[in-house]
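To start, the structure under review is shown below, and the notes come after it.
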Amino acid sequence: LPPKNRPLPGRRNIVVTREAGWRADGAETASLEAALTGDVFVIGGAELYRAALALARRIELTEVHGDFVGDAVFAFDRAAWREVAREDHVSADGVAYSFVTLERA
């Protein structure tokens, strides 16, 4: 793997992929169902987020407050979740954001 794509240190790294035979030092492959045991973090892409959301009990969400140009969004039915924690912050360059914990209602 190129240096920027190294597995995250100090944790188990599981890759869900359709690419048969995919391998990387420090990472393992598994089906989505097998990967989602215990507390895990799903790190994209969009199709994987959609599939994992149906199985999730909790979302650790970063909300960035502002209008931004782009074509990717994380859209989900917020009514199916209840907010259990929120921490509001402002970055060094003035961008407001919140760390939000949601649990399935």
State the percentage of accessible surface on the chain attributable to carbon and sulfur atoms; use a 1.4 Å probe and exclude ligands, DNA and RNA. 52 percent
Taking every pair of Cα atoms in the chain, average 1/r, invert it to obtain the Kirkwood radius, and report Rg/Rh to two decimals. 0.99
Hey, what do the phi angles of segment 96-105 turn into as Karplus ³J(HN,Hα) couplings, whole Hz, using 6.51/-1.76/1.60 and θ = phi - 60°, x for Gly and Pro? 7, 8, 9, 8, 10, 10, 10, 10, 4, 6
Per residue of segment 26-32, what does 6.51 cos²θ - 1.76 cosθ + 1.60 with θ = phi - 60° give for ³J(HN,Hα)? Whole Hz please, x for Gly and Pro, Karplus curve as stated. x, 10, 10, 10, 6, 5, 4
How many Å² of accessible area per residue for the chain, probe 1.4 Å? 79 Å²
Let me check I've understood the local charge: for residue 75, count other residues with C-beta under 15 angstrom from its C-beta, Lys and Arg +1, Asp and Glu -1. What total comes out? -2
Starting from 0 in steps of 5 Å, tell me what percent of the Cα-Cα pairs of segment 27-87 lands in each bin. 3, 11, 26, 23, 19, 10, 6, 1
Output ³J(HN,Hα) for segment 66-75: one whole-Hz value per residue in order, computed from phi by the Karplus curve 6.51 cos²θ - 1.76 cosθ + 1.60 with θ = phi - 60°, and x for Gly and Pro. x, 9, 10, 7, x, 10, 10, 9, 9, 9
What residues qualify as long-range amide H neighbours of residue 28, i.e. H under 5 Å apart, gap of 5 or more or another chain, H built at 1.01 Å from N? 13, 14, 15
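The values are calculated or read from the model by the stated rules, or taken from the named source; none is laboratory data. If you're wondering where the values come from, they're calculated on a predicted model, not measured in any experiment. Counting neighbours? That spans all protein chains shown, and the Cβs are built from the backbone with ideal geometry, glycine included. When the accessible area is computed, the model is the full protein with side chains, heavy atoms only, and any ligands, DNA or RNA have been set aside. Shrake-Rupley method; radii C 1.70, N 1.55, O 1.52, S 1.80 Å.
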